[in-house]
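Single-structure report; data block below.
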């Protein structure tokens, strides 16, 4: 299940000698975003309690020509979770809740259905609850990405659910829904919204003066970077997270404030020590198997050094905070272009400052022959939820893609390029995933050390006339949502409210894919298609009945 081997907080090593990193080497890592006409990054580095580098690269506001500085405020997306977890653990330390409390108990969220009877607050913190994730569920219900979304909308969504992705405590699946519910629980226990509780108990005591939770998307935020998406070569468009909720997202902060928070995790201030200990405690499944995730933080190893890390991604923004407790070192990188990958840049920055502390890079990377790579090319189905990943050999390298088969020979698959680390082991180019092949099976290990098992399956290529049996209207009572499937010139097409039509590529028998989702059609007696189940990364086997 989870293998994040060797992680431990440990004792801090002897104080590092002052490391003087050539400023030009750091700047070179961000040269791609240093110009005046592009969004970019704010970068901060902390060493032994002192900020040793803080600089902005690129623009915070393209329309008004405002550059990014170390004081620029960013929407930091999922970095919010560790602050939400801190608030929950503070209430635990005050004996106002227990992590073993059931989700449906009084002053928790009793309006959730009986399907969640055995889900506890501990499950919510460690992403082992089995709850379906709110963002893909809202999208499947027909919500557009920039539609306003509130805490009440998420609660309505959870009320409508009838089943979990998996029995609570038996697996790990990253889930924003759990953290929305945790924020609601903080409010119900304290009488304060999470934003006020965190401001009083966390941000102010730690001197995080520029940090706050913004649970009203119309609220002004002085010094804030605008969020952008690509709109063609050298062109950008606004991308705004209209989320009126707290818990999994909506924390706004600067690199300096995040480094203050990181320093508190490595050297806790008065009153924070027991909370930090709980925050950094690796999670477990109910059978005792460990998970490489604490409470709102990922726990990993980077070239021999223990690292506490987490990334964030929301419309127009990307973020990463990594701290190396034994080295008293941390790096925070915030970005305002959704395609940027601050988690990769953070690793490179750490490797500049901690070069003498890391294990050496392996120098025996295998050069696999084409026939060896060809053996791994194929279609793979998740053993528990049926979703598809495609491994394609392209230009001498393997590509891991969530789409099934390409719609035509000239349509390449998008995905992660895999670089070999052994005869059957690979690392993805985003450095957050590892892939291992063992004959007909493939294991994908995510950034939290969780193994996802896949089996090779035969690809299906039905003729156009064979597709007619799938055409029809399908309804999901949990979401109160409808899908219409029809046969177009290029194959099956799915339509739903508010979204443009999506072409489906054939995957395995009775299964098709769009760019995110696997559609698995079910059959009744006599072979008649009577429904379809949808699986994607954080929603498993969501049923739609044929009308």
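The values are calculated or read from the model by the stated rules, or taken from the named source; none is laboratory data. This structure is a prediction, so every number in the text was calculated from the model and none was measured. All Cβ positions, even for glycine, are placed from backbone atoms using ideal geometry, and neighbour counts span all protein chains on display.
Scan the range 107-125 and tell me whether some residue there is touching a strand residue (DSSP E or B) at 6+ places or on another chain (Cβ under 6 Å) and without any contact (Cβ under 8 Å) to a residue 24 or more places away in the chain.
The answer is no, given that none of the residues of the range 107-125 is touching a strand residue (DSSP E or B) at 6+ places or on another chain (Cβ under 6 Å) and without any contact (Cβ under 8 Å) to a residue 24 or more places away in the chain.
Have a look at 319, 311, 407 and point out the one that is over 26 Å from residue 425 (Cβ atoms), at pLDDT 95 or above and touching a strand residue (DSSP E or B) at 6+ places or on another chain (Cβ under 7 Å).
Criteria check complete, one pass: 319.
So which of 243, 238 ends up being touching a residue at least 12 places away in the same chain (Cβ under 8 Å) and over 19 Å from the mean Cα position of the chain (by Cα)?
238
Can you tell me which of 139, 188, 162, 195 is assigned to a helix (DSSP H, G or I) and modelled with pLDDT under 95?
It is 139.
Listed here are the residues, each with its yes/no results for (1) surrounded by fewer than 18 Cβ atoms within 10 Å (Cβ to Cβ); (2) assigned by TED's automatic domain parsing to the domain that holds residue 40; (3) not in a loop (DSSP other than H, G, I, E, B).
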residue	(1), (2), (3)
63	yes, yes, no
79	no, yes, yes
91	no, yes, yes
98	yes, yes, no
112	no, yes, no
115	yes, yes, yes
125	no, yes, yes
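Could you list all residues from the range 142-156 that are under 14 Å from residue 479 (Cα atoms), within 20 Å of the chain's Cα centre (by Cα) and not in a loop (DSSP other than H, G, I, E, B)?
Listed by number, the list holds a single entry, 154.
Any residue at all in the range 500-509 that is on the phi < 0 side of the Ramachandran plot, touching a helix residue (DSSP H, G or I) at 6+ places or on another chain (Cβ under 8 Å) and assigned to a strand (DSSP E or B)?
The answer is no; no qualifying residue exists.
Report whether or not residue 43 is over 30 Å from residue 122 (Cα atoms), in the same structural domain as residue 193 (by TED's automatic domain parsing), at pLDDT 95 or above and in contact with a strand residue (DSSP E or B) (Cβ under 8 Å, 6 or more places away or on another chain).
Against the criterion (over 30 Å from residue 122 (Cα atoms), in the same structural domain as residue 193 (by TED's automatic domain parsing), at pLDDT 95 or above and in contact with a strand residue (DSSP E or B) (Cβ under 8 Å, 6 or more places away or on another chain)), residue 43 qualifies.
Looking at 501, 524, can you tell me which residue is surrounded by fewer than 21 Cβ atoms within 10 Å (Cβ to Cβ), touching a strand residue (DSSP E or B) at 6+ places or on another chain (Cβ under 7 Å), at pLDDT below 95 and under 30 Å from residue 115 (Cα atoms)?
Only one candidate qualifies: 524.
Does any residue of the range 294-301 turn out to be in contact with a strand residue (DSSP E or B) (Cβ under 6 Å, 6 or more places away or on another chain), touching a residue at least 40 places away in the same chain (Cβ under 8 Å) and part of a loop (DSSP other than H, G, I, E, B)?
Scanning the range 294-301, I find at least one residue that is in contact with a strand residue (DSSP E or B) (Cβ under 6 Å, 6 or more places away or on another chain), touching a residue at least 40 places away in the same chain (Cβ under 8 Å) and part of a loop (DSSP other than H, G, I, E, B), so the answer is yes.
Could you grab the pairs with beta carbons closer than 9 Å, sequence gap of 6+ or different chains, first residue in the range 22-37 and outside the structural domain of residue 69 (by TED's automatic domain parsing), second one in a loop (DSSP other than H, G, I, E, B)?
Partner pairs satisfying both residue conditions: none exist.
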